[in-house]
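Engineer: To start, I am sharing the structure in question, which I have written as structure tokens.
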Amino acid sequence: HYLRGYIASLRSKLEDDPAKPRLLLTEWGVGYRLAALPAEVAEPDLARAAS
């Protein structure tokens, strides 16, 4: 249960809506994974320059 609490804490800091995670995902039967960020979130200036 310690890990669930830690993940919930991370999600509250990282996610826009921790109840619907997009970055820190649960892989049932495996564990957790950090999803790749979309380009416009990772580097907003580069995404605008490419448009």
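The values are calculated or read from the model by the stated rules, or taken from the named source; none is laboratory data. The structure presented is a predicted model; accordingly, all values stated were derived computationally and were not measured.
Engineer: Name the one entry in Arg33, Arg4, Arg11 that is part of a strand (DSSP E or B), modelled with pLDDT of 90 or more and at negative phi.
Structural biologist: Testing whether each residue is part of a strand (DSSP E or B), modelled with pLDDT of 90 or more and at negative phi leaves just Arg33.
Engineer: Can I ask one more? For region 14-29, name all the residues that are more than 9 Å from the chain's Cα centre (by Cα) and assigned to a strand (DSSP E or B).
Structural biologist: Within region 14-29, Thr26, Glu27 qualify.
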